[in-house]
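*Asks:* Input: one structure, supplied below.
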Amino acid sequence: MSRPQPFGRPRARGGPGPEAAGALEDVMQQVARGDKDAFAVLYDGVVSTVFGIALKVVRDRAQAEEVAQEVMIDLWRQAARYRPEAGSVTTWVATLAHRRAVDRVRSAQAAADRDRSTAVREQQRPFDEVAEQVETRLESEQVRRCMRMLTDLQRQAVTLAYYQGLTYREVAETLRAPLPTVKTRMRDGLIRLRDCMGVTT
């Protein structure tokens, strides 16, 4: 028979705590057998510890509450994995809580790093009003004609930036040219393209 799943947070009980109901190890064994009442006792006995650990790690109350709920669900699902010889229930619960909280922090950091990388990439792209108008015409014969008027470095830099979407730094690395030189040549190249194409700013 499949184990029933707990939904939401059990309300605090006015009845006996873990000490009166038996050792936490005994309670854990009952939880492992799918005893919801035992799980409520376990919850009341350890949830404060779980929340405190989560809050200390994630430093945000709302996220700490979410982490605590996830840990309690883990306890319900993984109760059968607890081994008294490996340590107390409290120690095992604390380990699960810390691990889950650290995972939450790492996940949030990874998401922030991705957002920051995207933002930096967009800021690094040599993209202004002139460049935007040039980019919309890259396939036209006029642009190809005007591109032939650029120096080799200007033409290569503009092509890498707008055909391949590279940043200033990536263009410089590809062309093995100093970054300041690439920036200057690309800016000069865009100005020449603007004049050749009759783009107004």
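*Asks:* What distance in nm lies between label points placed 7 Å from Cα along the C-beta direction at Lys183 and Glu85?
*Replies:* Once both label points are built, they end up 6.5 nm from each other.
*Asks:* Sticking with this one: Could you give each residue of the range 52-69 its phi-based ³J(HN,Hα) in whole Hz, using Karplus coefficients 6.51, -1.76, 1.60 with θ = phi - 60°, and x for Gly or Pro?
*Replies:* x, 5, 4, 5, 5, 7, 8, 6, 8, 4, 4, 5, 5, 5, 5, 4, 4, 5
*Asks:* For labels at Glu25 and Arg176 in the simple 7 Å Cα→Cβ model, what's the distance in nm?
*Replies:* Placing both labels 7 Å along Cα→Cβ, they lie 6.9 nm apart.
*Asks:* Could you check the simple spin-label distance between Val102 and Ile73, using points 7 Å along Cα→Cβ, in nm with one decimal?
*Replies:* 2.2 nm
*Asks:* A further question follows. Using modelled backbone amide H atoms (1.01 Å from N, in-plane), which distant-in-sequence or interchain residues come within less than 5 Å of Ala177's amide H?
*Replies:* Hits under the 5 Å cutoff: none.
*Asks:* If Lys and Arg each add +1 and Asp and Glu each add -1, what is the summed charge of the other residues whose beta carbon sits under 13 Å from the beta carbon of Pro178?
*Replies:* +3
Only the coordinates and a few stated rules stand behind these numbers; no lab work does. This one's a predicted model, so the numbers in the text were calculated from it and none came from an experiment. Glycine also receives a Cβ, built like all others from the backbone with ideal geometry; neighbour counts cover every protein chain displayed.
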